[in-house]
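Take a look at the structure below.
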Amino acid sequence: MQDKRTLRRKIYEIDFAIHELVLYLDTNPKCQKGLALLDKFRSLRAEAVKEYEQRFGKYILTPKDAGDGARWNWIDSPWPWEKEFMED
């Protein structure tokens with residue numbers, strides 16, 4: 001079982017691989033190996049995000065997470081300047 005920081009880093013690494021594959025596929029759109037790798041990394045990301053959210057809560061906050069306006073849920077999270085980027 002991975003801690004929060006390790007799992008978040010794993011998601012970032014997968015995101016990087018996806019980004020690089022998308023750039024590669026921009027110039028090689030019919031590459032079957034590249035397309036297969038992109039599908040693989042998308043699945044890995046979905047699994048990692050699912051695990052993260054099951055253990056630590058939402059990975060990415062969306063407007064619907066703001067609540068009904070009576071109280072803003074995002075205020076409970078640390079502000080970016082209150083923590084290091086990769087801390088848990």
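The values are calculated or read from the model by the stated rules, or taken from the named source; none is laboratory data. Keep in mind that what you see is a predicted model, and the values were worked out from it rather than measured. Here the Cβ is made from the backbone with ideal geometry for all residues, glycine too, and neighbour counts use every protein chain on show.
Among the residues making up the range 21-71, those that are small (G, A, S) and at pLDDT below 95 are G57, A66, G67, G69, A70.
Listed by first and then second residue, the pairs with beta-carbon distance under 6 Å, at least 6 apart or on different chains, first residue in the range 1-13 and under 12 Å from Y59 (Cβ atoms), second part of a helix (DSSP H, G or I) and of a type outside the set (D, E, K, R), are K4/F56; L7/Y52; K10/A48; I11/A48.
Looking at (1) closer than 22 Å to D76 by Cα; (2) crowded, with 16+ Cβ neighbours inside 10 Å; (3) without any contact (Cβ under 8 Å) to a residue 40 or more places away in the chain; (4) among the hydrophobic types (A, V, I, L, M, F, W, C), which one does L37 not meet, given that it meets all the others? Tallying (1) closer than 22 Å to D76 by Cα; (2) crowded, with 16+ Cβ neighbours inside 10 Å; (3) without any contact (Cβ under 8 Å) to a residue 40 or more places away in the chain; (4) among the hydrophobic types (A, V, I, L, M, F, W, C), L37 fails exactly one: (1).
Could you please give the count of residues in the range 21-34 that are exposed (fewer than 14 other Cβ atoms within 10 Å of the Cβ) and free of Cβ contacts under 8 Å to residues at least 12 places away in the same chain? Residues flagged as exposed (fewer than 14 other Cβ atoms within 10 Å of the Cβ) and free of Cβ contacts under 8 Å to residues at least 12 places away in the same chain within the range 21-34 amount to 8. For the range 48-59, a tally of residues being within 14 Å of K10 (Cα to Cα) and surrounded by fewer than 11 Cβ atoms within 10 Å (Cβ to Cβ) returns 0.
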